[in-house]
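Chemist: Next up is a structure, given as structure tokens.
The values are calculated or read from the model by the stated rules, or taken from the named source; none is laboratory data. All values derive from a computational prediction rather than experimental measurement. Because the Cβ atoms are built from the backbone with ideal geometry, glycine has one as well, and the counts that use them run over all protein chains shown. Accessible surface is based on the protein model in full, side chains and every heavy atom, while ligands, DNA and RNA are left aside. Shrake-Rupley method; radii C 1.70, N 1.55, O 1.52, S 1.80 Å.
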Amino acid sequence: MARLLSNILFRGLAAYPATRSSSVGCGSWYQVGNRYFSSESNDPDTHEDFRPTSKVESSGVSLKDIIEQDVKENPVMLYMKGVPELPRCGFSSLAVRVLQEYNVPISARNILDNYELKDAVKAFSHWPTFPQIFINGEFIGGSDIILSMHQSGELKEKLQNISKQGKAE
């Protein structure tokens, strides 16, 4: 019976390729499940107008400058996977839920949108994991740290001077 089930399962899985790819224009699209990924073409005949560009690189502003500005201008800054309305991992979701308990405005950036930003935030804070929470310009840590601070009452003290308008009083 077990052999029969394993043969049926094996034949069923063998009928579907692990990844599917097809050439599209200057790059390739890879489908894994329902997610699509693109890769940049190395074709020298690709016109310059169709090559990917980085708006940050062309603006003359570095990612470090953007992070410094985010942390300075936003009393509660969260670098997370997803956005506060739709976190993309359990740790980011936990961080948002804990911070929402204090009814303070949360500013956030989705690190999944830009992997260069992800690396820049890691270098800025010297912390390898996400989410990363900054309160009043100070790096606090991740979701486990703010959960512990919440349970001890320390987080309430850190957030007490932040009004609903988002400015430290």
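Chemist: Can you tell me which condition Glu40 does not meet? The list is (1) at pLDDT below 60; (2) within 23 Å of His150 (Cα to Cα), and all the others hold.
Modeler: (2)
Chemist: What is the number of the single condition among (1) at pLDDT 95 or above; (2) in contact with a helix residue (DSSP H, G or I) (Cβ under 9 Å, 6 or more places away or on another chain) that Ser143 does not meet?
Modeler: Only one criterion is unmet by Ser143, namely (1).
Chemist: Please go through segment 67-83 and pick out each residue that is open to solvent by 30 Å² or more (accessible area, probe 1.4 Å), assigned to a loop (DSSP other than H, G, I, E, B) and out of contact with any Cys (no Cβ under 8 Å at 6 or more places or on another chain).
Modeler: Asn74
Chemist: So which residues in segment 84-105 are within 16 Å of His150 (Cα to Cα) and of a type in the set (A, V, I, L, M, F, W, C), if there are any at all?
Modeler: Listed by number, the residues that qualify are Phe91, Leu94, Ala95, Val96, Val98, Leu99, Val104.
Chemist: State whether one or more residues within segment 142-159 are assigned to a loop (DSSP other than H, G, I, E, B), among the hydroxyl-bearing types (Ser, Thr, Tyr) and over 15 Å from the mean Cα position of the chain (by Cα).
Modeler: no
Chemist: Specify which of the listed residues (Ser92, Ser58) is modelled with pLDDT of 95 or more and assigned to a helix (DSSP H, G or I).
Modeler: Going through Ser92, Ser58 in turn, just one is modelled with pLDDT of 95 or more and assigned to a helix (DSSP H, G or I): Ser92.
Chemist: I need every pair where a residue in segment 85-107 that is over 18 Å from Gln160 (Cβ atoms) has its Cβ under 6 Å from the Cβ of a residue that is of a type in the set (Gly, Ala, Ser), sequence separation at least 6 or different chains.
Modeler: Taking only residues 6 or more apart or on different chains, the pairs are Pro87/Ser93; Arg88/Gly82; Phe91/Ser143; Ser92/Gly82; Leu94/Ser143; Ala95/Ser143.
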